[in-house]
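See structure below.
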Amino acid sequence: FWLLMLITFRFISGTTHLLVGGSSTPNAVPSFLTAILPQISTSLLALDISANFLASLSPALAACSCLEELNISANPLRVMPEFLCQLPSLRVLLADSTGISTIPAPLSALVKLHTLSIRRNKMHALPSWLCTLPCLESLLVDGNPFQGPWRALVEPLLAKSPMTPAYP
């Protein structure tokens, strides 16, 4: 099946959306992405690779210069890759349930980021540079074990806002 998809994708130029979230063959997803992303890196606008048991993301993703929406939720990443800062058009980043505990400072370069969802992770605090993102309008953080002053700051805000859905 994947070989057929690879052959098919070679003939589809201008692919804008690639939705492989919750693939029935998650072991094939890393090699599939490594093969496909370079071919569609200049046209891809949205990529959903959620729930594929990915422990890391393909560095080929960094070449997707037009990518606006990225869903990496429900993958055991534990670390958000710094190369995501090389996605200048990124507007939506969904990284729920990935096990991350920090957001790397280079991601402050994502000046078009409108929505950042980091729900149900291991965040104890939020980086101060988040407030410098000029387009950030939606920051979803519920389900994180915030500590110290962050807990006191975040808990009242979460109590007043409706709970977000369990999965985007």
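Angle of helix 148-160 to the longest C-alpha principal axis of the chain, folded into 0 to 90 degrees and rounded to 10: 80°. Each listed q (0.13 Å⁻¹) maps to a log10 I(q)/I(0) for the range 86-139, found by the Debye formula over equal Cα scatterers with no solvent: -0.28.
Placing a pseudo-label 7 Å from each Cα along the Cα-to-Cβ vector at LEU139 and THR102 gives an inter-label distance of 1.8 nm. Once the 1.4 Å probe is applied to the protein heavy atoms, the chain comes out at 51 Å² accessible per residue.
How far apart, in nanometres, would the label points at LEU158 and SER128 be if each is projected 7 angstrom from Cα along the Cα-to-Cβ direction? Distance between the two pseudo-spin positions: 2.3 nm. Surface composition of the range 6-98: carbon and sulfur make up 60 percent of the accessible area, probe 1.4 Å.
At R0 = 25 Å, how high is the FRET efficiency between VAL111 and ALA46 if r is their beta carbon distance? Nearest 0.05 is fine.
0.85
Distance between the modelled labels on ARG151 and THR16, one decimal in nanometres: 4.6 nm (7 Å Cα→Cβ projection). With no solvent and one equal point scatterer per Cα, compute the Debye intensity ratio I(q)/I(0) for the range 52-142 at 0.13 Å⁻¹ and report its log10, rounded to two decimals. Per q value, in the given order, log10 I(q)/I(0) is -0.37. Just the number: Rg to Rh for the chain, Cα atoms, Kirkwood Rh, two decimals. Computed over Cα atoms, the ratio is 0.99.
The values are calculated or read from the model by the stated rules, or taken from the named source; none is laboratory data. Bear in mind the structure is a predicted one, so any value in this text is a computation, not a measurement. With ideal geometry, Cβ positions are generated from the backbone for all residues, glycine too; neighbour counts draw on all protein chains shown. Protein only, heavy atoms only, side chains kept; ligands, DNA and RNA dropped before computing areas. Shrake-Rupley method; radii C 1.70, N 1.55, O 1.52, S 1.80 Å.
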